[in-house]
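A short write-up of the structure that comes next.
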Amino acid sequence: MPGKRPPGTRGSKTDFLTNLTRLNLKPNVPFFKYDVRMYVVYKRDDREFFKELTKQTKDDFPEQQRKASTVIVYKHLIKKHSEVFTKDGVLFYDRAAILFSAQVELKLGGEVSFSETFDLRERHFFSFVMQMKEFLLPTSVLPNLTGEAERIRVVIKKVTEKYQVTSNDVVKAVNVREMERDKAILEVLNLAVSQEGYMETSKFVAYGSTVHYLYDHQAFGFRDSELPELTDGKYMGIGISKSVKVLEGDGGKCTPFVVADVTKSAFHADEQSLLEKISQMSIFYDYRTHKSNFSVQAASRPNVMREILQLIKGLYVTTSYGKNRTFPIGGIAAAANSLRFQDAEGKQSTVEQYFMKNYNIQLKYPGLFTVSERHNPHLYYPVELLCVASSQRVTLHSKLLLMLRLS
């Protein structure tokens, strides 16, 4: 077989615009990894219990609430504890349990007992003294905490004795044998390119480690015409999906690139009245008059109630009275003027009577069905006193229902 010919130059040179952006790394930069845990400490009946802010959850609303809180606490720590978070280094935080420090270590100071770890490369166990520091913060750092919260507790631990990875390790992420690929540097770089999307919470809402949506798409050059109008109290959001890949760069050298694509997703309209959302559903839409035929009588038909439940089940809603409780919808129950339960005084009462007696609220639609909580199915709420919680994407199940209806 003849040898491979050198690349030719007889053809015309053509430039292409791609969705790749090269990352230029300084050599010999170490990255130190830390485990971060944040807790809200509550006290009830002389007993303390904890709510972990850094705990992962699959539902959009609690995930966004927790991660917004971790960003506030994280920024407070950096501002108030410069003796730990020095200006000589650069920090990458994932809004949960992972923190990287570039170039310099955090000055944690305190030490705890030995930790034993297995080194895959050296094939043996080794022990090291794990550095740890605890911070106790006032509840005023997070303005939306309830009165039972006493303080905020943050614990930061160093993961390994030495650095976790260096900027020279890009080549280790490439190997024909998948089990021998060391992707630690990709974890660092993916965090690094996500920092603006994570920290600028007034501009972006981020899901997972790769997707960032825009609150104001026009501020970033997108037009309204690029986003189709949706029914059922939903709107189309636009943003970016990106990840870091190692590709062949100049001279055949392994080089990290950011691969970015525009992404769109359907969202439930933030803070919309649940009653209004239901009235806008396509099952009530008359395509001849282009108006909604919603009425209490139409919404109370069993087949319509089943279809409404399919669209709102699992949706997080917030009460418009009292302490603004937020919960996911679990089911649909009888109308507020007919559903009876036993109140705290042991007396039988309808949902309509309960709200009049305890909140001085006269329901406008007492004949409309009520909804119950997913985790507490014996608590019932009038639809007209609930609003849709923010930053909730439409689930795959709801998307399929919409596609079937439009087909």
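The values are calculated or read from the model by the stated rules, or taken from the named source; none is laboratory data. Being a predicted model, the structure only gives us computed values, none of them experimental. No Cβ is skipped: glycine too gets one built from the backbone with ideal geometry, and neighbour counts run over all protein chains shown.
Answer yes or no: is there a residue in the range 100-116 that is among the charged types (D, E, K, R), modelled with pLDDT of 95 or more and surrounded by 13 or more Cβ atoms within 10 Å (Cβ to Cβ).
No: zero hits.
Are any of the residues in the range 383-402 at pLDDT below 90, surrounded by 17 or more Cβ atoms within 10 Å (Cβ to Cβ) and under 25 Å from residue 66 (Cα atoms)?
Within the range 383-402, one or more residues are at pLDDT below 90, surrounded by 17 or more Cβ atoms within 10 Å (Cβ to Cβ) and under 25 Å from residue 66 (Cα atoms).
Of all residues in the range 167-194, which are out of contact with any helix residue (DSSP H, G or I) (no Cβ under 8 Å at 6 or more places or on another chain), more than 23 Å from residue 208 (Cα to Cα) and not acidic (Asp, Glu)?
Across the range 167-194, the qualifying residues are 168, 171, 174, 175, 176, 177, 179.
Tell me which residues, restricted to the range 181-205, are surrounded by 14 or more Cβ atoms within 10 Å (Cβ to Cβ) and among the polar types (S, T, N, Q).
190, 194, 195, 201
If only one of 162, 183, 157 is out of contact with any Asp or Glu (no Cβ under 9 Å at 6 or more places or on another chain), closer than 17 Å to residue 99 by Cα and modelled with pLDDT of 90 or more, which one is it?
183
Can you pull out every residue in the range 160-180 that is assigned to a loop (DSSP other than H, G, I, E, B) and surrounded by fewer than 17 Cβ atoms within 10 Å (Cβ to Cβ)?
Listed by number, the residues that qualify are 160, 161, 162, 163, 174, 175, 176, 177.
Of the conditions (1) of a type outside the set (A, V, I, L, M); (2) in a loop (DSSP other than H, G, I, E, B); (3) at pLDDT 95 or above, residue 228 fails just one. Which one is it?
(3)
Would you please list the contacts, defined by Cβ atoms under 9 Å and residues six or more apart or on different chains, that run from a residue in the range 269-285 that is on the phi > 0 side of the Ramachandran plot to a residue that is assigned to a loop (DSSP other than H, G, I, E, B) and aliphatic (A, V, I, L, M)?
If the second residue must be assigned to a loop (DSSP other than H, G, I, E, B) and aliphatic (A, V, I, L, M), the pairs left are 271/389.
Can you say whether residue 33 is basic (Lys, Arg), assigned by TED's automatic domain parsing to the domain that holds residue 84, in contact with a strand residue (DSSP E or B) (Cβ under 7 Å, 6 or more places away or on another chain) and loosely packed, with under 15 Cβ neighbours inside 10 Å, as far as the supplied structure shows?
no
Counting just the residues of the range 44-103 that are hydroxyl-bearing (Ser, Thr, Tyr) and outside any loop (DSSP other than H, G, I, E, B), which one comes out farthest from residue 140 (Cα to Cα)?
Only one residue tops the list, namely 101.
Quick check: anything in the range 48-59 under 17 Å from the mean Cα position of the chain (by Cα), at pLDDT below 95, surrounded by 10 or more Cβ atoms within 10 Å (Cβ to Cβ) and under 24 Å from residue 244 (Cα atoms)?
Scanning the range 48-59 turns up at least one residue that is under 17 Å from the mean Cα position of the chain (by Cα), at pLDDT below 95, surrounded by 10 or more Cβ atoms within 10 Å (Cβ to Cβ) and under 24 Å from residue 244 (Cα atoms).
Among the listed residues 338, 300, 320, identify the single one that is among the small types (Gly, Ala, Ser), surrounded by fewer than 17 Cβ atoms within 10 Å (Cβ to Cβ) and under 18 Å from residue 61 (Cα atoms).
320
Does the range 263-273 contain at least one residue that is closer than 30 Å to residue 26 by Cβ, in the same structural domain as residue 90 (by TED's automatic domain parsing) and not basic (Lys, Arg)?
Looking for residues that are closer than 30 Å to residue 26 by Cβ, in the same structural domain as residue 90 (by TED's automatic domain parsing) and not basic (Lys, Arg), one finds none in the range 263-273, hence no.
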